[in-house]
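The values are calculated or read from the model by the stated rules, or taken from the named source; none is laboratory data. Being a predicted model, the structure only gives us computed values, none of them experimental. Cβ placement follows ideal geometry from the backbone for every residue including glycine, while neighbour counts extend to all protein chains displayed. Protein only, heavy atoms only, side chains kept; ligands, DNA and RNA dropped before computing areas. Shrake-Rupley method; radii C 1.70, N 1.55, O 1.52, S 1.80 Å.
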Amino acid sequence: MSDRPADTPEQAELRAAARAFLAEHAEPWVEVDPWQVSGFPDDDQARAYFEHGRAWQRTMAEHGWAALTWPAEFGGGGMPIWADRILREESADYGSHPGFIGATIAMLGPTLLAHATNDLKARFLPSLVSGEVAWCQLFSEPGSGSDLASLATRAVLDGDEWVVDGQKVWNSCAQFADWGFLLARTDPDAPKHQGITFLLVDMSSPGIEVRPLVQANGSSHFNEVFLSGVRIPADQVVGEFHGGWAAARTVLANEAAFIGRGGGAPASDRLRDLAARHGSLDDPAVRQRLAAIVSRERLQDLMGQRIQAAVRNGQQPPFDPALTKVMAAGTKVLTGDLAAELAGPATMAGPAADPQATWIRAEVLNRFAISIGGGTTEVQKNNLAERSLGLPREPGHDRDAAWKDVPRN
């Protein structure tokens, strides 16, 4: 018996419609490989996986199920917050998902809604929602990852265009993206947080070069992006000129919430399968560890939903999004450790063609990746200490100094 509150007549109607849509168009979990991972050493497989997610986003948009709570004039459904919850609940039995497209929609969509002009919203939001245009994030740099505000990529206004020069790194799926959202230094005389502008750039622009970065599992999910004299129309600015840090923080908050919430089948489902296969499902110690992981996954899901609902409504998140990111990193340590212990070293060293072994290796590797991507765990804890607990800032000499005067490597 479900402990979910009873639906109102309006909610029940939407739930029935969602069930009908999903039954007709979505892939049931039984038709999806439960051990599938998104890191593919083969570039053609990686592209196919990316496009498969984009195709599902298009299907949702075509049938009116994408961005249910966004304003209708910008491609959304204009519905109450509970509509997202109902669709998410009904989607739990299906394997269809937008993949990486979903991450960029979660990051960029609320940022445009909160900070962009109506002209930019009308121009970019509908194609973002539909999956017609795929985006990538161009934030981190070789010397500006955890300390993002120290970034050195420069944008200089030349008539009605920005001319951008610099290098970005750890750019997920940049090799597949049509457009990018970019942070650039526009006032080197201002302190580092105050001289940044948030720009939207066509990835096919002359002067952009994308170079894949090969990871430990052989995939090239990440890239480095070089910008040499790239010209961007002057009106493609999100937020204030020199004031892009506010829009950047909205992206980072939603990124932390998205990573913390996770997506697809919970790792705990696969861990239960592993425990059963290796005769450990009745082991009380294993069951206790599984229970802790399940509890954390469900908490992360609820926390992510609350943050994104608040941002969509123009409100401050009910708690610091850094908390979801820290919790997700901790959960991934638990899942990676348990997966490796349940399967043993033979599986960890198993053949590349073994889907189960591939999933376990990915789970072990991702326990490190998730503690870095989207802001390191150490930085997120510092943010929580300062913003949520009111503890003193760490000592620093460059917060109020002009960016150009701060020593750099």
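In terms of the ratio Rg/(2.2 N^0.38 Å) built on C-alpha atoms, what value belongs to the chain?
Its radius of gyration relative to the 2.2 N^0.38 Å reference: 1.00.
By per-residue mean of other Cβ atoms within 10 Å, what is the highest-first order of 97-103, 42-48?
97-103, 42-48
Relative to the longest principal axis of the chain, what angle (0 to 90°, nearest 10) does the C-alpha long axis of helix 267-277 take?
With both axes taken from Cα atoms, the answer is about 30 degrees.
Where the centroid of each part is defined by its Cα atoms, how far is region 212-258 from region 277-340 in Å?
First find each Cα centre; the distance between them is then 26 Å.
If you fit an axis through the alpha-carbon atoms of helix 355-369 and take the longest principal axis of the Cα set of the chain, what angle between them do you get, 0 to 90°, nearest 10?
Helix 355-369 sits at roughly 40 degrees to that axis.
Over the chain, what percent of the accessible surface lies on carbon and sulfur atoms, probe 1.4 Å?
53 percent
Rank by packing, highest mean first: peptides 154-160, 355-361, 168-174, with packing defined as the count of other Cβ atoms within 10 Å averaged across residues.
Those peptides, ordered most packed to least, come out 168-174, 355-361, 154-160.
Loop only by DSSP, 16 or fewer other Cβ within 10 Å of the Cβ. Give me the chymotrypsin sites (Phe, Trp or Tyr not before Pro) in region 66-95 that pass, ordered by residue number.
Sites meeting the loop and neighbour criteria: none at all.
Picking from A16, A253, A116, which is most flexible by a Gaussian network model of the chain using Cα springs under 10 Å?
A16
Could you size up the charge dipole of the chain around its Cα centre, putting +1 on the beta carbon of Lys and Arg and -1 on that of Asp and Glu, and report it in debye to the nearest 20? Kindly include the intermediate steps, with their values, before the conclusion.
Details: 37 positive and 52 negative charges, 188 e Å.
The calculated dipole for the chain is roughly 900 debye.
Kindly state, as a whole number, the per residue volume in cubic angstrom of the convex hull around the alpha carbon atoms of region 1-109. Could the numbers behind the result be given before it?
Details: hull volume 14.6 nm³, N = 109.
Hull volume normalised by residue count: 134 Å³.
Which one, P98, P71, T117, is farthest towards the positive end of the dipole of region 71-129 when Lys and Arg carry +1 and Asp and Glu -1 on their Cβ?
Towards the positive end, the residue furthest out is T117.
For helix 322-348, what angle does its Cα long axis make with the longest principal axis of the chain, in degrees from 0 to 90 and rounded to 10?
Rounded to the nearest ten degrees, it is 50.
What accessible area, in Å² to the nearest ten, does a 1.4 Å probe give for E24?
Solvent-accessible area, nearest 10 Å²: 140 Å².
If I ignore ligands, DNA and RNA and count only protein heavy atoms, how much of H193 is accessible to a 1.4 Å probe, in Å² to the nearest 10?
Accessible surface of H193 is approximately 50 Å².
Sequence-distant or interchain residues sharing an amide H contact under 5 Å with A174, placed H: which?
N223
State the antiparallel share, in %, of DSSP beta bridges confined to region 56-182, rounding to the nearest 5. Show your work: numbers first, answer last.
Details: 6 of 10 bridges.
Expressed as a percentage, antiparallel bridges in region 56-182 total about 60.
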